[in-house]
């Protein structure tokens, strides 16, 4: 099955084509805003990015790493130092 390609538009300038994953990633990274528009290659209907994300996307934005999830280094305790 062929994946749908999309155009996006900002200030009446069209860019594309992009996959749904790329459009979702642009949104995640802040390249596209809710005021930009998206349409499928085979469609003449433009919709806002926010509407497209809510209703039309088949891809979810890429996951971001949570901050502060690094594990602390294990330090030796007094009892383990005595054993050494």
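As a proxy for reagent exposure, ranking 42, 36 by other Cβ atoms within 10 Å from fewest up yields 42, 36. Take the Cα radius of gyration of segment 5-56 and divide it by 2.2 N^0.38 Å, N being the number of residues; the result is 0.97.
All of the numbers you see were taken from the coordinates with simple rules; none came from a lab. These numbers come from a predicted model, not from an experiment. As a convention, Cβ positions derive from the backbone with ideal geometry for all residues, glycine included, and neighbour counts pool all protein chains shown.
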